[in-house]
Amino acid sequence: MSLHETEQAIPKAVLVGLQIGRTTEQEVQNSLIELSRLVNTLGFEVIGKLHQRRTSTKSANVLGDGKLMELAKWTGGSGKVAPTFIKKKHKAALKFEKEDDADDMFDFPEETFEEQGPEDFVEEENPQDQAQWVIFDCDLSPLQLRNLESATGAKVMDRTGVIIEIFSRHARTRAARLQVEIARLTYVAPRVRGVSAGDDDRMGGGGKGVGESAIELDRRKIRDRIKELKQELSSIGQEHLTRRSQRSQEACVALVGYTNAGKSSLMRAMTGSEVYVADKLFATLDTTVRAVQPETRPKILLSDTVGFIKKLPHDLVASFKSTLDEALNASLLLYMVDASDPSFRSQLEVTRTTLAEVGAGEIPSLLILNKRDCLTEEQTSSLAAEFPEAIFLSTRNTEDVENLRLRLVKFFENSMREEEIFIPYKVQGVIGDIRARLKVLGESYDEKGVRLKVRANAEDFEKIAKKIRDALIDID
């Protein structure tokens, strides 16, 4: 069954969580709620949830026998795992069995019947309520996937597979599509399975494929394809690097946070850009960079990065390094959280941990408690005491958005100083450049040139001084 179903047949799914080690039952339930939102983003209908305490996720069937039978009732499966390997018999043994079967044709045994034990009983379910998909809230090995599909008779996906499928649907730009495809193929490679008993036969013929099984050949093709995609992505990366270097001297702010925390809504409110906004997980994957509006002096660039989530596959983190680089090269990070979500503290920790892993943990930051309009006065007071430096905001409130804009301007002005710059009349183009990029506080004129009182950082003053020197040298 394909992931892309018709509107008349919405695929139904049952979710399975595991309580490992010191994980509490509430944490498992919260994770299943998040998985349910991920599955809904794919267009599935969640009809049931199961969870079980286990010592680890390493067993061949993941679940215990009883829980596996319970799961099979949701899918109409047998609850039993079919044998993975049938030993081929020697020709002499097959001949002996054939002769033995011929003798048995004339034997008439006593009446026998198969006794049905409780383990063989499967409760009848309404087919409309049966799930075609089973989604596990953990990573599954190829063997575990095969065993679970055998026992349930349904298609099985793990959490990583769901996230990669969402990413593949939402990627829009060429770079994002390449990044997602690399992650998808990296995920698929170890899970390539044969479709028949003959799939493991060795390939004959000469050349590079000699001695390879069909599965090994498929995996080699996938590795070759990943190499090609990485080379193509590398060429795009050079383009992104060039654009990023052009912005390196600008005041850059990066929006970071959990998926669906409201980053794109704030991006639209702060810049006036028509970025895509939807109440879905990972609705936007592509990095967007826009100037804050009304435009400030100095100009502030705001970038919207890919959202984070618990158990985000490492391959996707690696693939989206270019979007994370926007955070790594920013002057200021805005940590965005949905303050109305009871689990926002753990979500914030996921964001901080992931950014620390890529080296962005020490960058100056502000905490934005979004959706304050969804909080009670008591909740607001409690959060204000817990996070005294945080900024409470609703992207629907224009006053909140303007206050944040002023806060950003103040942040960058704190690192600036005021100086007077003298520009001779014979130097052309410098005054226009200063007015376009820097904050001019005052100006005066005499017979030799213009004096501008400017607020800027040290790098900008050095650039202006160099332009004036170079222009005077050219004139002389």
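The values are calculated or read from the model by the stated rules, or taken from the named source; none is laboratory data. Because the structure is a prediction, the values reported are computed rather than measured. No Cβ is skipped: glycine too gets one built from the backbone with ideal geometry, and neighbour counts run over all protein chains shown. For the accessible areas, the whole protein counts, side chains as well, though only heavy atoms, and no ligand, DNA or RNA atoms are used. Shrake-Rupley method; radii C 1.70, N 1.55, O 1.52, S 1.80 Å.
Some observations on this one:
- Estimated at the nearest 10 Å², the accessible area of Lys80 is 90 Å² with a 1.4 Å probe.
- Residue-normalised accessible area of segment 367-476, expressed per residue, 1.4 Å probe, Å²: 62
- Between Asn30 and Lys448, the distance separating the two model label sites (each 7 Å from Cα on the Cα→Cβ line) works out to 6.7 nm.
- Extended-chain gain in nm, criterion 0.36 nm per residue less alpha-carbon gap, Ser273 and Arg191: 25.4 nm
- A cut-off of 5 Å between modelled amide H atoms, ignoring neighbours fewer than 5 places along the same chain, links Phe392 with Leu369.
- Note on segment 336-369 and segment 450-476: Cα centroid distance 40 Å, given to the nearest whole angstrom.
- Charge sum, other residues only, whose C-beta stays under 15 Å from Gly361's C-beta, Lys/Arg counted +1 and Asp/Glu -1: -3
- Which listed pairs, of Lys230/Lys263; Lys263/Lys466; Lys371/Lys439; Lys230/Lys467; Lys263/Lys410, have C-alpha distances above 31 Å, in listed order: Lys263/Lys466; Lys371/Lys439; Lys230/Lys467
- Ala356-Gln293 FRET efficiency (beta carbon distance; Förster radius 35 Å; 0.05 resolution): 0.65
- Amide N of segment 334-372 lying under 17 Å from the label point, which is placed 7 angstrom from the Cα of Ile391 along Cα→Cβ: 334-339, 363-372
- Multiplying the residue separation of Thr57 and Ala436 by 0.36 nm and subtracting their alpha-carbon distance yields 130.5 nm.
- Since only Phe392, Met416, Asn403 are under comparison, the one whose Cα sits farthest along the positive direction of the charge dipole of segment 360-476, derived from C-beta charges on Lys, Arg, Asp and Glu, is Met416.
- Net dipole in debye of segment 365-430 [+1 Lys, Arg Cβ; -1 Asp, Glu Cβ; about Cα centre; nearest 20]: 340
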